[in-house]
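Asker: Quick one: the structure is below, questions incoming.
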Amino acid sequence: MFDVIIAGCGPTGAVLAAELRLHDVRVLVLEKETEPPSFVRIVGLHSRSLELMAMRGLLDRIRAHGRQRPAGGFFAAIAKPAPPGLDSAYAYLLGIPQPVIVRLLEEHAIDLGAQVRHGCAVVGLAQDGGGVTVELADGERLRSRYLVGCDGGRSTVRKLLGVGFPGEPSRVETLMGEMEVGVPPEEVAATVTAVRETEHRFWLRPFGAGVYSVVVPAAGVSDRARPPTLEDFQQQLRAIAGTDFGVHSPRWLSRFGDATRLAERYRVGRVLLAGDAAHIHPPIGGQGLNLGVQDAFNLGWKLAAQVRGWAPETLLDTYQAERQPVAADVLDNTRAQMELLSTEPGPQAVRRLLTELMDFDEVNRYLTEKITATGVRYDVGEGPDLLGRRLRDIEVKQGHLYGLLRRGRGLLLDRTERLAVGGWSDRVDYLGDPTAALDVPCVLLRPDGHVAWIGDDQQDLDEHLSRWFGRPR
């Protein structure tokens with residue numbers, strides 16, 4: 001009998017498993033694949049995800065395997081630098097091979113005590129008042145108190161639940177791969193620069209030793225089950241750029257569409273959805289992996305509280321209430337970005353106008369914070385603008401704020417040194433006189449780093465501690 005079974009050991013599932021283990025929840029992760037993918041797609045971690053990794057002490061380990069590039073140029077690939085003074089200590093993009101980040105996050109979960117089983121596909125589930133029975137492809141049945149589907153856009157868990165997944169199917173497809181080219185780099189660069197004046201779903205980027213990352217619009221929407229061929233790339237490169245650059249010796253080839261869908265519900269009884277199982281969208285802006293990881297950080301401590309028996313009655317419901325609107329916003333901004341990549345005259349005119357507007361720092365900042373998720377504000381009630389937002393990694397007398405959040409607990413920052421966490425001390429840490437950088441009297445942080453309360457009154461604090469962390473001991 002497990003406390004939680006997680007279907008899928010991608011970044012979302014692995015992070016969720018680690019978050020649950022911080023609270024001694026018995027976790028089993030089931031991954032249907034036996035081997036990591038053969039292709040090495042580069043994914044990007046945006047500022048908010050980097051902050052979350054820093055909160056759990058993972059950032060240095062992950063950063064050693066990635067490549068940093070400045071924030072900016074995220075929205076619809078409009079080449080603008082980041083606005084000055086971004087409110088994050090991690091205002092950059094970290095590019096990292098997807099198999100590497102998956103491996104690092106899985107190792108982290110295992111180090112914390114999660115069990116991970118590969119080659120185990122979920123094919124059935126049934127839930128009752130006491131838990132969930134999970135059936136595997138080999139006929140084995142497992143029992144847990146909760147099940148979380150982190151099993152991707154074609155989620156078996158979501159389908160078994162019968163949760164609707166409304167949205168739009170793919171209208172366009174894009175080919176992506178890595179291969180060698182047969183012409184000099186100067187010729188590649190000159191052609192790419194000319195083509196990208198009008199076709200923004202096109203690039204060839206050097207990947208070392210004569211290998212290039214190639215992205216080019218597909219001829220149409222095809223059967224996603226059929227992988228593209230080198231001939232498909234050659235044909236489309238000639239159609240778009242007038243040359244196929246002599247591409248050969250592909251390392252991997254894939255395609256992606258612009259399907260956009262959002263699950264109607266994130267929870268049905270004891271079964272929940274997270275990551276791509278709950279939302280899919282075009283990869284423009286590089287938000288997909290980040291959105292799923294942030295789902296996991298939001299859900300982890302809440303589901304752990306439910307398992308451990310101290311969760312307030314409505315705490316687990318706040319997962320959908322907070323994360324579904326965030327996903328809906330990402331779906332909308334990717335829809336908008338895809339329109340701005342169109343070669344049609346109307347979208348191109350809008351793109352030119354937006355390019356001019358982004359010269360205003362306020363516009364550029366708004367769009368950058370949207371893509372990086374540093375602008376997310378949860379509805380936790382009325383109050384100062386900081387309420388419901390994440391708190392940046394400010395300096396405190398012990399070093400840095402995020403270093404105090406590694407155990408996945410709440411944290412009270414008390415400049416007055418008159419308040420106390422009292423009977424919640426097993427769930428919430430306390431820091432008196434933290435720093436002059438904090439311009440409000442006291443702040444209560446949730447385990448995901450979002451501000452749950454601001455004030456200086458003990459009775460008011462106790463009410464909010466009860467709201468987020470249940471009854472005192």
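The values are calculated or read from the model by the stated rules, or taken from the named source; none is laboratory data. Here the structure is a predicted model, which means the values were calculated and not measured. For neighbour counting, all protein chains shown are included, and Cβ atoms are generated from backbone atoms with ideal geometry for every residue, glycine included. Side chains are part of the model used for accessible areas, which takes the heavy atoms of the whole protein and leaves out ligands, DNA and RNA. Shrake-Rupley method; radii C 1.70, N 1.55, O 1.52, S 1.80 Å.
Asker: Lysine pairs, Cα distance under 25 Å, 8 or more residues apart or cross-chain: how many in the chain?
Answerer: On the way: 32/159; 80/370; 159/302; 302/370.
Lysine pairs meeting the criterion: 4.
Asker: Considering only protein heavy atoms and a probe of 1.4 Å, how much of the accessible area of the stretch 50-109 is carbon and sulfur, as a whole percent? Working shown, then result.
Answerer: Numbers: 1250 of 2360 Å².
Carbon and sulfur together cover 53 percent of it.
Asker: Moving on to the next point. Say a paramagnetic label sat at a point 7 Å from the Cα of residue 159, along Cα to Cβ; which residues of the stretch 236-279 have their backbone N under 15 Å from it?
Answerer: 277-278
Asker: How high is the relative contact order of the stretch 241-334, in percent, counting Cα pairs under 8 Å that sit 6 or more residues apart?
Answerer: Numbers: 72 pairs, mean separation 27.2, N = 94.
Taking the mean separation of contacting Cα pairs over the length of the stretch 241-334, I get 29 percent.
Asker: Rounded to the nearest whole Å², what accessible area per residue is found for the chain with the 1.4 Å probe? The partial results should precede the final answer.
Answerer: Values: 20080 Å² over 473 residues.
About 42 Å² of surface per residue is accessible.
Asker: Starting at the first residue of the stretch 326-335, write each ³J(HN,Hα) from the Karplus equation 6.51 cos²θ - 1.76 cosθ + 1.60 with θ = phi - 60°, in whole Hz, x for Gly and Pro.
Answerer: 5, 5, 4, 5, 5, 4, 5, 6, 6, 4
Asker: What is the chain's relative contact order, in percent, from Cα pairs under 8 angstrom and six or more apart in sequence?
Answerer: Values: 914 pairs, mean separation 83.5, N = 473.
Reported relative contact order: 18 percent.
Asker: Over the stretch 192-293, calculate the relative contact order: mean separation of alpha carbon pairs under 8 Å at least 6 apart, over the residue count, as a percent. Don't jump to the answer; show the numbers that get you there.
Answerer: Numbers: 95 pairs, mean separation 16.4, N = 102.
Relative contact order comes out at 16 percent.
Asker: If you average the C-alpha positions of the stretch 1-52 and of the stretch 140-205 separately, how far apart do those two centres end up, in angstrom?
Answerer: Between the Cα centres of the stretch 1-52 and the stretch 140-205 lies a distance of 19 Å.
Asker: Mind checking the stretch 360-394 for GluC sites (Glu not before Pro) that DSSP puts in a loop (not H, G, I, E or B) and that have at most 11 other Cβ atoms within 10 Å? Please report the intermediate quantities before stating the final value.
Answerer: Values: sites: 362, 369, 382; in loops: 382.
Of the GluC sites (Glu not before Pro), the ones in loops of the stretch 360-394 whose Cβ has at most 11 other Cβ atoms within 10 Å are 382.
Asker: With the dipole of the chain worked out from charges on the C-beta (+1 for Lys and Arg, -1 for Asp and Glu) around the Cα centre, which of 194, 139, 337 lies farthest toward the positive end?
Answerer: Result: 139, furthest along the dipole toward the positive end.
Asker: With unit charges on the beta carbon (Lys/Arg positive, Asp/Glu negative), name the residue among 384, 283, 227 whose Cα is farthest towards the positive pole of the charge dipole of the chain.
Answerer: Of 384, 283, 227, it is 227.
Asker: All other residues with a Cβ under 14 Å from the Cβ of residue 33 taken together, and with Lys, Arg as +1 and Asp, Glu as -1, what is their net charge?
Answerer: Details: positive: 32, 103, 117, 154; negative: 31, 35, 106, 151.
The answer is 0.
Asker: As a check on your grasp of the helix formula, calculate [θ] at 222 nm for the chain: sum -39500 (n - 2.57) over DSSP H runs of n ≥ 4, divide by the residue count, round to the nearest 500.
Answerer: Numbers: 12 runs with 150 residues, N = 473.
Estimated from H runs of four or more residues: -10000 deg cm²/dmol.
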